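None of the figures in this text is laboratory data; all of them are computed from the coordinates on show. Here the structure is a predicted model, which is why all the values come from computation and not from measurement. For neighbour counting, all protein chains shown are included, and Cβ atoms are generated from backbone atoms with ideal geometry for every residue, glycine included.
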Amino acid sequence: MRLKDKVALVTGGASGMGAATARLFAREGARAVVVADILDREGEALAADIRKTGAAATYLHLDVTDEAGWQAAIARTVADHGGLDVLVNNAGISGSAAEDLYDTAAWHRLMEVNATGVFLGMKHGIAAMKKTGRPGSVINLSSISGIVGQGYIHVGYNASKGAVRLITKAAAAQHGKDGIRVNSVHPGLMPPMRTSGRTADPAQRAETLKGVPMGRAGDVDEVAYAILFLASDEASYVTGAELVVDGGWTAV
Ligand code: NAD
């Protein structure tokens, strides 16, 4: 039980890697798992499914771009479960939907959801963690697109994920003395996001795979286990780190 007694909130928890993380956290004995998303039907269904295993899971509607929504979600989590120990800022949108890689509206939306959403989560999540005085762990989902560029996605995706990588390190520097660790996770080629456009295309995926030494896409659980490590006390001296889960894509 690697997360015994911990209260965790996962944004974008209704789908993909967020859902896999919520399920894994519950299996690893988290005291409570709060699934937060804008997909209410899927989020409620996931929380109900997790509860069937005997674990405590709830769903909260949270648009990560809404600061008042963040305040309410954190307040509710603390009121219901007595604190917050682990925050996974996972919600995000794809950079492969817009045809025009310099579309201005897409730039603003990518920055709003992928970067500002993480900023707001850290702002209110870390404040709540400091109040409890318990060790805290924040895990921010960046991407290999926060480390290297791609020729086929909107530059705003790289910008937003690069921002996540660096605000993670800044927060790690600022909150080390508070006992709060902040790390980023950088998945490579995974199952397509709900908002994927070009990157969901089988021909594009086959082309991308040529650059992946392991020669296959990753599975959502392979990212969830990386997040689990950073969430757990096993990572008690790990902060400001970027954990790449990409089958070697950025190693070559
Ligand atoms: P997904 O589309 O399956 O899940 C993303 C979740 O975020 C969805 O449940 C969605 O409803 C939620 N979300 C979107 N906007 C939101 C908002 N404003 N407020 C709250 N929730 C919102 O995608 P995924 O593959 O599970 O991606 C999870 C994270 O991993 C994202 O940050 C993504 O950028 C990153 N990532 C994905 C891949 C990939 O290939 N799938 C690769 C690297 C990084």
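In sequence order, what are the phi-derived ³J(HN,Hα) couplings for segment 55-69 according to the Karplus relation 6.51 cos²θ - 1.76 cosθ + 1.60 with θ = phi - 60°, rounded to whole Hz, with x for glycine and proline?
My calculation for segment 55-69 gives 8, 8, 9, 9, 10, 10, 6, 8, 8, 5, 8, 9, 5, 5, x Hz in order.
Report the per residue volume, in Å³, of the convex hull enclosing the C-alpha atoms of segment 184-252.
99 Å³
Output the direction-averaged projected area (hull surface divided by four) of the convex hull of the alpha-carbon atoms of segment 58-97, in nm².
Spelled out: convex hull of the Cα atoms, projected over all directions, averaged, 3.6 nm².
Under a 5 Å amide H to amide H cut-off, with H placed in plane at 1.01 Å, what residues pair with Leu60 once short-range neighbours are removed?
Hits under the 5 Å cutoff: Val35, Ala36, Asp37.
When all C-alpha to C-alpha distances in the chain are sorted into bins of 5 Å, what percent of pairs does each bin hold, rounded to whole numbers?
Spelled out per bin, shortest first, that is 1, 7, 14, 19, 21, 17, 11, 6, 3, 0, 0.
Evaluate Rg over Rh across segment 127-203, taking Cα atoms for both radii and Kirkwood's formula for Rh.
Using only Cα positions, Rg/Rh for segment 127-203 is 1.11.
Would you look at the GNM of the chain, springs on alpha carbons closer than 10 Å, and say which of Thr21, Thr11, Thr65 moves the most?
Largest GNM mean-square fluctuation: Thr65.
Once every DSSP H run of n ≥ 4 in the chain is given -39500 (n - 2.57) and the sum is divided by its residues, what mean residue ellipticity at 222 nm do you get, rounded to the nearest 500 deg cm²/dmol?
-13000 deg cm²/dmol
Given an 8 Å cut-off on Cα distances and at least 6 residues of separation, report the relative contact order of segment 1-141 as a percent.
Relative contact order here is 24 percent.
Which percentage, to the nearest 5, of the DSSP beta bridges contained in the chain is antiparallel?
That works out to approximately 5 percent antiparallel.
Which ³J(HN,Hα) values, rounded to whole Hz and listed in residue order, are derived for segment 142-149 from phi using the Karplus coefficients 6.51, -1.76 and 1.60 in 6.51 cos²θ - 1.76 cosθ + 1.60 with θ = phi - 60°, glycine and proline given as x?
9, 5, 5, 5, x, 10, 10, x
Quick check: convex hull of the Cα atoms in segment 1-82, volume per residue, rounded to a whole Å³?
75 Å³
Over segment 7-251, what is the mean sequence separation of C-alpha contacts under 8 Å (at least six apart), divided by residue count, expressed as relative contact order in percent?
Value for segment 7-251: 19 percent.
Could you give each residue of segment 197-212 its phi-based ³J(HN,Hα) in whole Hz, using Karplus coefficients 6.51, -1.76, 1.60 with θ = phi - 60°, and x for Gly or Pro?
x, 3, 6, 8, 5, x, 5, 5, 5, 5, 5, 4, 4, 4, x, 9
Among Ala97, Met129, Val155, whose Cα projects farthest towards the positive end of the dipole of the chain, with charges put on the beta-carbon of Lys, Arg (+1) and Asp, Glu (-1)?
Met129
Rounded to the nearest Å, what's the spacing between the alpha carbon centres of segment 191-252 and segment 1-35? Just the number, please.
19 Å
Please build a GNM for the chain, connecting alpha carbons under 10 Å apart, and tell me which residue among Asp40, Asp66, Asp100 fluctuates the most.
Asp100
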